[in-house]
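Here is the structure we will look at.
The values are calculated or read from the model by the stated rules, or taken from the named source; none is laboratory data. Because the structure is predicted, anything quoted here is derived from the model rather than measured. Quick reminder, even Gly has a Cβ in these numbers, built from the backbone with ideal geometry, and neighbours come from all protein chains shown.
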Amino acid sequence: AQKVTQAQTEISVVEKEDVTLDCVYETRDTTYYLFWYKQPPSGELVFLIRRNSFDEQNEISGRYSWNFQKSTSSFNFTITASQVVDSAVYFCALSEEETSGSRLTFGEGTQLTVNP
Amino acid sequence: KAGVTQTPRYLIKTRGQQVTLSCSPISGHRSVSWYQQTPGQGLQFLFEYFSETQRNKGNFPGRFSGRQFSNSRSEMNVSTLELGDSALYLCASSHGTSGATDTQYFGPGTRLTVL
């Protein structure tokens with residue numbers, strides 16, 4: 001069965017610090033997709049990135065970057081020069097090709113607090 | 001393009017009652033999925049509907065049911081409410097034609113409180 005683990009429950013940093021959120025996954029499927037979502041206090045999950053299991057290229061989008069390593073089953077997320085607006089709960093999620101249709105398995109989430 | 005909308009945003013019910021939540025997907029999206037979020041269990045998948053048919057189902061009791069209409073709008077129903085059903089219920093929509101690769105876009109959620 002699939003599983004996503006985010007071992008860091010809470011992280012607190014000071015503005016402008018870099019921070020990395022860890023995500024480790026388990027799956028028996030050879031084709032799968034990994035996602036990161038952000039949940040601000042308003043509650044709505046905001047999509048950040050999707051990665052498929054065949055694409056291990058790291059990606060950078062502004063202050064955000066993602067490091068996908070199949071060898072360690074990890075998909076970590078780094079925020080560079082953090083800002084107060086980055087404060088939110090961040091979720092890593094997995095979907096498997098063998099599941100016809102859409103079904104996300106989420107990690108427990110990491111509460112990030114960026115202090116001014 | 002309008003995002004996913006959910007109504008109502010807040011709901012208070014008592015044990016034993018039933019409740020219906022509504023979700024309108026992004027225009028053009030044919031898949032609607034429902035998730036329950038609680039402090040203890042986190043985010044859990046309830047079910048997914050595509051073209052008015054349930055395509056996936058999570059591990060929830062039969063008190064939780066849903067349906068989808070021809071315009072892709074979806075409703076979720078919980079019967080005989082229990083205190084443990086208090087949660088944020090999130091709806092997500094996607095195109096639905098690419099299966100697991102589809103990106104799901106979430107609505108603001110319905111906060112259900114059972115007293």
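Among residues of the stretch B:51-74 that are within 21 Å of residue A:105 (Cα to Cα), those with a beta-carbon under 6 Å from a residue that is part of a strand (DSSP E or B) and acidic (Asp, Glu) at least six positions away or on a different chain give the pairs B:55/B:48; B:56/B:48. The criterion of at least 3 residues that are within 18 Å of residue A:25 (Cα to Cα) is met by the following strands (runs of 3 or more DSSP E) wholly inside the stretch A:35-85: A:46-52, A:64-69, A:74-79. The conditions of being more than 10 Å from every other protein chain (Cβ to nearest Cβ), hydroxyl-bearing (Ser, Thr, Tyr) and under 25 Å from residue B:27 (Cβ atoms) are not met by residue B:98. Being hydrophobic (A, V, I, L, M, F, W, C), touching a strand residue (DSSP E or B) at 6+ places or on another chain (Cβ under 6 Å), over 22 Å from residue B:105 (Cβ atoms) and surrounded by fewer than 16 Cβ atoms within 10 Å (Cβ to Cβ) holds for only one residue in A:84, A:24, and it is A:84. Which condition from (1) out of contact with any helix residue (DSSP H, G or I) (no Cβ under 7 Å at 6 or more places or on another chain); (2) modelled with pLDDT of 95 or more; (3) in a strand (DSSP E or B); (4) more than 14 Å from chain B (Cβ to nearest Cβ) is the one that residue A:112 breaks? The single condition residue A:112 does not satisfy is (1). Note on the stretch A:33-49: residues that are facing another protein chain (nearest Cβ under 9 Å), hydrophobic (A, V, I, L, M, F, W, C) and closer than 21 Å to residue A:69 by Cα total 2.
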